[in-house]
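Q: Let me give you the structure first, and then I'll get to my questions.
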Amino acid sequence: MRVTVISGGTDGIGRGTLEARLRRGDEVVAIGSNPAKGRSVQALSDRAHFLRADLRSVAETRRVVDVIRHRWPTVDALVLCANRQSPRRVVTDEGLEQTFALYYLSRYLLSHGLRDQLDTAERPVVVNVAGVGVTRGAIHWDDLQLADGYGMVDAQLQAGRANDLLGVDFAARSGGRTRYVLYHPGFTRSGDLSTLPAPVRGVIRAASVFARPVGTSIRPIVRWIDDPPSDALTANDRGRPVPPSTRTLDPVAARRLGAVTEELLTRLDAG
């Protein structure tokens, strides 16, 4: 039986992928922070599992990685969906801006933390659902935590560009079987809007009439889990390949961000 792990697996694209993989007979592990939504996931099947964790926390993300390592020695697919928009700058207990921590760092830790479990599978794949193909935004190398000027869109774009580089660096360092897919599903009727101000929620809901249904956006994810690409890295923007030469996939910047991230994690470990 295949094992699929999904961060942000209780809502939107993550939940849709979970349900699709259950229909294919997988054992599916959803990581999320809402216990009520977790119970809803577990009620779907005895093959559906919920691990509660605040993925804004490096310590919590590492804890859930350890749980998965001990309980599921082989992981066939890792799908990374967890994200939450914040209209104001929020700093976690570890001193991290929460968008950077949740949208990027948790995905970094899950990707690398479960690498051994993935590489024991026959045809393993990581699917990182973010914004590849979008070239707006930048890595604020001198201010990754956006202390000197926070904006919700800027924070989302920075974390999206960081995920692009995560995929490039992961694939470049890969010595095993795991394939890495960067996937931009486009505007989808998906996700939890409860953290946004009422006017913003209203605008998004009004615009959602033009958005893709979850069922449409998850089809490539389900297909990649069934049949992972042959290349170490695949980048796909709404069904279109993203050329490796795209500036947001720069391997030099990817190596730099990987090194900066490891330095940041080392400083956190040191207290």
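Q: Using alpha carbon centroids, what distance separates segment 49-94 and segment 143-163, in Å?
A: 20
Q: At 222 nm, what value in deg cm²/dmol follows for the chain if DSSP H runs of at least 4 each add -39500 (n - 2.57) and the sum is divided by all its residues, to the nearest 500?
A: -12500 deg cm²/dmol
Q: Compute the Cα gyration tensor for segment 1-157, then decide on rounded, prolate or oblate, letting a ≥ b ≥ c be the square roots of its eigenvalues: rounded whenever a/c is under 1.5, prolate when a/b is larger than b/c in the other cases, and oblate in all that remain.
A: Working: a/c = 1.88, a/b = 1.74, b/c = 1.08.
Prolate.
Q: Cα extents of segment 79-158 along the three principal axes, largest first, in whole Å?
A: For segment 79-158, the Cα extents along the three principal axes come out at 46, 31, 22 Å.
Q: Using per-residue counts of other Cβ atoms within 10 Å, averaged over each peptide, order 252-261, 136-145, 77-86 from highest down.
A: Highest mean packing first, the order is 77-86, 252-261, 136-145.
Q: Which FRET efficiency value, to the nearest 0.05, do you get for ARG219 and VAL67 by plugging their Cβ-Cβ distance into 1/(1 + (r/R0)^6) with R0 = 45 Å?
A: 0.90
Q: Averaged across orientations, what area in nm² does the convex hull of the alpha carbons in the chain project? Present the calculation step by step, with values, prior to reporting the outcome.
A: Numbers: hull surface 54.6 nm².
Taking the Cα atoms of the chain, their convex hull projects to 13.7 nm² on average.
Q: How many nm separate the modelled label positions at SER40 and GLU262, each set 7 Å beyond the Cα in the direction of the Cβ?
A: 4.1
Throughout, read-outs are computed from the coordinates displayed, never taken from laboratory work. These numbers were taken from a predicted model, which means no experiment stands behind them. Quick reminder, even Gly has a Cβ in these numbers, built from the backbone with ideal geometry, and neighbours come from all protein chains shown.
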